[in-house]
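The values are calculated or read from the model by the stated rules, or taken from the named source; none is laboratory data. This is a predicted model, so every value here is computed, not measured. Note: ideal-geometry Cβ built from the backbone for every residue, glycine included; neighbour counts use all protein chains shown. Protein only, heavy atoms only, side chains kept; ligands, DNA and RNA dropped before computing areas. Shrake-Rupley method; radii C 1.70, N 1.55, O 1.52, S 1.80 Å.
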Amino acid sequence: MKNVIILGASGNIAKHVIDILVKKNDISLTLFLRDKTRLGNKDVSGCKIIEGDVLDVNQLKNAIRGQDIVYANLAGDLETMAKNIVTAMNETGVKKIIFISSIGIYNVPLKSVLKPYRKAADVIEASGLEYTILRPTWFTNANEVDFETTRKGQQEKGSVISQKSLATLITKIIESPENYIRENLGVNKPNT
Ligand SMILES: NC(=O)c1ccc[n+]([C@@H]2O[C@H](COP(=O)([O-])OP(=O)(O)OC[C@H]3O[C@@H](n4cnc5c(N)ncnc54)[C@H](OP(=O)(O)O)[C@@H]3O)[C@@H](O)[C@H]2O)c1
């Protein structure tokens, strides 16, 4: 059994990932979020639910202890959040983190809206954890799975990605984390 915690489980992409993971018998899923009513009528009866705030490092530590994989699907003060997650993971001995950032964080000049995404990625990369950072292009609601990835240092490609595609990639990483250690990947729909 693999223990997986989703931080920011009420987020758009997180909800797609939950839909995929709840069907898998070998995953024990913990949902960490500020307000569980934001899950709506989603069937999460098989999940452990923790109401908490990523800005509270003690709540994070308690939630992360014993997990195998942390998947962070957050928005807001991402640099502080990333620092808290790294602290909590180091103190509880959890190694694997999947962190959703954004396309464009290595562009010069850096758009101000992307600064928190860049700072968070820098914190995660410097952490020594077994990270996978994802830098998706703009989300669509298309009911399709069609994506490609670019590595850090390569020119990012594309302009859009379906939420379902990104959720599918995140699920693949959760299933085979050993294939994505210390990767920092752009994600896009091919030929867009
Ligand atoms: N939209 C795009 O086209 C696009 C493109 C590239 C990258 N991105 C980025 O990709 C990431 C994932 O996207 P998304 O659409 O799934 O994001 P989202 O729906 O905005 O979800 C972010 C989640 O973070 C949670 N959160 C915020 N502060 C928190 C805190 N202090 N403690 C616990 N949870 C907290 C929110 O919870 P609450 O429900 O409590 O507010 C929310 O569920 C985001 O960073 C987004 O900006 C988006």
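For this structure, a couple of remarks:
- The set of residues from the range 132-186 being touching a helix residue (DSSP H, G or I) at 6+ places or on another chain (Cβ under 8 Å), more than 28 Å from GLN67 (Cα to Cα) and not aliphatic (A, V, I, L, M) comprises PHE139, THR140, ASN141, ASN143, GLU144, ASP146, PHE147.
- Members of the range 1-27 that are of a type in the set (Val, Ile, Thr) and within 15 Å of the ligand (Cβ to nearest atom): ILE5, ILE6, ILE13, VAL17, ILE18, ILE20
- Restricting the range 114-134 to residues that are of a type outside the set (A, V, I, L, M, F, W, C) and within 13 Å of the ligand (Cβ to nearest atom), the residue that is surrounded by the fewest Cβ atoms within 10 Å (Cβ to Cβ) is LYS115.
- Residue list for the range 28-46, filter: farther than 19 Å from MET89 by Cα and more than 8 Å from the ligand (Cβ to nearest atom): LYS36, THR37, LEU39, GLY40, ASN41, LYS42, ASP43, VAL44, SER45, GLY46
Yes or no, residue by residue, for (1) more than 21 Å from ILE173 (Cα to Cα); (2) within 11 Å of the ligand (Cβ to nearest atom); (3) open to solvent by less than 70 Å² (accessible area, probe 1.4 Å):
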residue: ARG65; (1), (2), (3): no, no, no
residue: MET89; (1), (2), (3): no, no, yes
residue: PHE99; (1), (2), (3): no, yes, yes
residue: SER112; (1), (2), (3): yes, no, no
residue: PRO136; (1), (2), (3): no, yes, yes
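- Identity of the residue in the range 47-56, among the hydrophobic types (A, V, I, L, M, F, W, C) and surrounded by fewer than 17 Cβ atoms within 10 Å (Cβ to Cβ), that ends up nearest to the ligand (Cβ to nearest atom): LEU55
- Filtering GLY76, GLY104 for residues that are within 16 Å of the ligand (Cβ to nearest atom), in contact with a helix residue (DSSP H, G or I) (Cβ under 6 Å, 6 or more places away or on another chain) and on the phi > 0 side of the Ramachandran plot leaves a single hit, GLY104.
- Meets criteria (at pLDDT below 95 and not acidic (Asp, Glu)) for THR168: no
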